[in-house]
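Trainee: Take a look at this one; I'll ask things after.
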Amino acid sequence: MRERQAARGARRAREFEAFVAGAAGRLLHAATLLTAEAPGANPRARRLLTLALAHTYACWDRLRAEDPYHHARRHLAARFAREAWHHRGGPGRNRRRPPGALAGLTAQERLIIVLRLYEGLAEEQAAALLGLPADRVRVLCDRAITTLTRAPVRRAPAVGGAGAAAS
């Protein structure tokens, strides 16, 4: 009996390690986009990923019919939304925004942009995942895209400066 349990535990560990090897990079990138942190300095994103993977591992035996990536992504999104609401003061509060291209978006807009554009979910799937009407997801996605496309562009300084043009 113990050998069978040990063999099952070892198989479970191998399967989960293979899943993490294949999915952790994409999930970390999604978490980094959600938190709007720099890719090299992303402690909040790594924490989100660790919690999502721990939850997925805890549920691993019950995921036979479900895609483990979908389960981990769902938990990552739910955890981000919950933390954004509770720890960042909820909507409308003044809070420090992280630097980056997505910094001008609210947490909910970032979540929808990541689910729709990076993860490729349909409006209906994102709405079901977040518990929102599909029309609300569409409006938030459109607003976020408008904000991103109207973001001020910083001009890079000229390579040679003013003296290079005179030569």
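The values are calculated or read from the model by the stated rules, or taken from the named source; none is laboratory data. Note that the coordinates shown come from a computational prediction; the quantities given were computed from them, not determined experimentally. Don't worry about glycine lacking a Cβ; one is built from the backbone with ideal geometry, like all the others, and counts go over all protein chains shown. Only protein heavy atoms, including side chains, enter the accessible area calculation; ligands, DNA and RNA are left aside. Shrake-Rupley method; radii C 1.70, N 1.55, O 1.52, S 1.80 Å.
Trainee: Output the number of the condition that Ala84 fails; it satisfies all remaining conditions of (1) modelled with pLDDT of 90 or more; (2) buried (at least 16 other Cβ atoms within 10 Å of the Cβ); (3) small (Gly, Ala, Ser).
Mentor: (1)
Trainee: Within segment 41-62, identify whether any single residue is in contact with a Leu (Cβ under 7 Å, 6 or more places away or on another chain), modelled with pLDDT of 85 or more and either part of a loop (DSSP other than H, G, I, E, B) or among the polar types (S, T, N, Q) (or both), and answer yes or no.
Mentor: Scanning segment 41-62, I find no residue that is in contact with a Leu (Cβ under 7 Å, 6 or more places away or on another chain), modelled with pLDDT of 85 or more and either part of a loop (DSSP other than H, G, I, E, B) or among the polar types (S, T, N, Q) (or both), so the answer is no.
This table checks each residue for (1) over 22 Å from Thr106 (Cβ atoms); (2) open to solvent by less than 60 Å² (accessible area, probe 1.4 Å); (3) out of contact with any strand residue (DSSP E or B) (no Cβ under 6 Å at 6 or more places or on another chain).
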site	(1), (2), (3)
Gly22	yes, no, yes
Arg26	yes, no, yes
Leu33	no, yes, yes
Ala36	no, yes, yes
Pro39	no, no, yes
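Trainee: Okay, next question. Restricting segment 1-20 to residues that are basic (Lys, Arg) and in contact with a helix residue (DSSP H, G or I) (Cβ under 9 Å, 6 or more places away or on another chain), which is surrounded by the fewest Cβ atoms within 10 Å (Cβ to Cβ)?
Mentor: Filtering segment 1-20 for residues basic (Lys, Arg) gives 2, 4, 8, 11-12, 14.
Of the ones still in play, those that are also in contact with a helix residue (DSSP H, G or I) (Cβ under 9 Å, 6 or more places away or on another chain) are 8, 12.
Numbers: Arg8: 11, Arg12: 13.
Restricting to residues being basic (Lys, Arg) and in contact with a helix residue (DSSP H, G or I) (Cβ under 9 Å, 6 or more places away or on another chain), the top hit is Arg8.
Trainee: Then there's this: Scan segment 125-147 residue by residue and report those that are touching a helix residue (DSSP H, G or I) at 6+ places or on another chain (Cβ under 9 Å) and open to solvent by less than 60 Å² (accessible area, probe 1.4 Å).
Mentor: Of all residues in segment 125-147, those touching a helix residue (DSSP H, G or I) at 6+ places or on another chain (Cβ under 9 Å) come to 125-130, 132-138, 140-141, 143-145, 147.
Selection gives Ala126, Ala127, Leu129, Leu130, Leu132, Ala134, Val137, Leu140, Cys141, Ala144, Thr147.
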